[in-house]
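What follows is a set of notes on a single structure, which appears directly below.
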Amino acid sequence: MYWAFIGGLVFQRHGVRGVLQAGTMLWPAFEDDDVNDTHYGYEWSPEHEASQAALMLGLIPEIHTWLALPETQEIVDFSVKYLPQSAARDGKVWVKPNPPDFLWVTEDAMPEGVVYRPEIEACHWMHRRLMKDGHLRSEAVTP
C-alpha cells in the first residue's frame, strides 16, 4: 500500500495523475496439478476469517494496491518483484517465470494469466487507512 502511495506522490510531483487502486492481484506461480492453486497474490476478501481478525486488530487485511494512470490507461505496480519471496515465506515454491522488477502496462499488454481486480470497498478501506495514518487529508479523497 505504501509503495503505491509513494509512487503516486512521485508521479504527482512530475505532473502525472496516478490513482491509488486496491483489491485483488493474482500472478501465475505454480503448475496446474488439479489440486493446488496456480496463482499467488492477494485476494480482497473482507468476509474471510483471517481478514476479519486483521481488521479487528487494526492490521492490514489481505489486500493489494497499485496505481492506475487514467490518461494512459496503464497499471503500475512497484511491488511485483517481491512476490516469489512472499510465496517462499508462505512455504510455496514459485516455479513459473518470475515477475519483472515492476509492472507498468496497459490492459492489452498485461502478462498472460495476471489478474488485477480493483474492488471499490478495498479502495475505500485503503483511503481510510491512509487518512487514519495521517498520510492523506479527507479533502484529498474523491468520493
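The values are calculated or read from the model by the stated rules, or taken from the named source; none is laboratory data. The structure displayed is predicted, hence computed values, not measured ones. Heads up, the Cβs are rebuilt from the backbone with ideal geometry, glycines too, and the neighbour counts pull from every protein chain shown. In case anyone asks, the SASA skips ligands and DNA or RNA and just uses the protein heavy atoms, side chains included. Shrake-Rupley method; radii C 1.70, N 1.55, O 1.52, S 1.80 Å.
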Yes/no for residue 25 being open to solvent by 30 Å² or more (accessible area, probe 1.4 Å), under 14 Å from residue 63 (Cα atoms) and touching a strand residue (DSSP E or B) at 6+ places or on another chain (Cβ under 9 Å): no
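Report, by residue number, each residue of the stretch 51-69 that is at pLDDT below 85 and either touching a Lys or Arg at 6+ places or on another chain (Cβ under 8 Å) or in a strand (DSSP E or B) (or both). Walk me through how you get there before you give the answer.
Keep residues of the stretch 51-69 that are at pLDDT below 85, which gives 51-62.
Residue satisfying the conditions is 60 alone.
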Cβ pairs under 7 Å, 6+ apart, first in the stretch 103-116 and within 17 Å of residue 79 (Cα to Cα), second loosely packed, with under 13 Cβ neighbours inside 10 Å and modelled with pLDDT under 95: none
Given (1) in contact (Cβ under 8 Å) with a residue 12 or more places away in the chain; (2) part of a loop (DSSP other than H, G, I, E, B); (3) touching a Ser or Thr at 6+ places or on another chain (Cβ under 7 Å); (4) open to solvent by 90 Å² or more (accessible area, probe 1.4 Å), number of the condition residue 3 does not satisfy: (2)
Members of the stretch 98-122 found to be open to solvent by 60 Å² or more (accessible area, probe 1.4 Å) and more than 17 Å from residue 67 (Cβ to Cβ), listed by number: 98, 108, 112, 121
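If you take the residues of the stretch 71-97 that are in contact with a strand residue (DSSP E or B) (Cβ under 6 Å, 6 or more places away or on another chain) and either free of Cβ contacts under 8 Å to residues at least 60 places away in the same chain or assigned to a helix (DSSP H, G or I) (or both), which of them is most open to solvent (accessible area, probe 1.4 Å)? It would help to see each step written out before you state the result.
Step one: of the stretch 71-97, the residues in contact with a strand residue (DSSP E or B) (Cβ under 6 Å, 6 or more places away or on another chain) are 73-77, 80, 83, 87, 96.
Those left that are additionally either free of Cβ contacts under 8 Å to residues at least 60 places away in the same chain or assigned to a helix (DSSP H, G or I) (or both): 73-75, 80, 83, 87.
Working: 73: 133, 74: 45, 75: 32, 80: 1, 83: 5, 87: 0 Å².
Once the filter is applied, the top-ranked residue is 73.
Suppose we filter the stretch 4-48 for residues that are more than 22 Å from residue 112 (Cα to Cα) and either at pLDDT 85 or above or of a type in the set (S, T, N, Q) (or both); how many remain? Steps first, answer last, please.
If we filter the stretch 4-48 for residues that are more than 22 Å from residue 112 (Cα to Cα), which is where we start, we get 4-20, 45-48.
Those still in the list that are either at pLDDT 85 or above or of a type in the set (S, T, N, Q) (or both) too: 4-20, 45.
The total comes to 18.
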Of the criteria (1) surrounded by fewer than 19 Cβ atoms within 10 Å (Cβ to Cβ); (2) over 20 Å from residue 120 (Cβ atoms), which one residue 62 fails: (2)
Residue in the stretch 34-50 that is among the hydroxyl-bearing types (Ser, Thr, Tyr), free of Cβ contacts under 8 Å to residues at least 60 places away in the same chain, in a strand (DSSP E or B) and crowded, with 19+ Cβ neighbours inside 10 Å present: yes
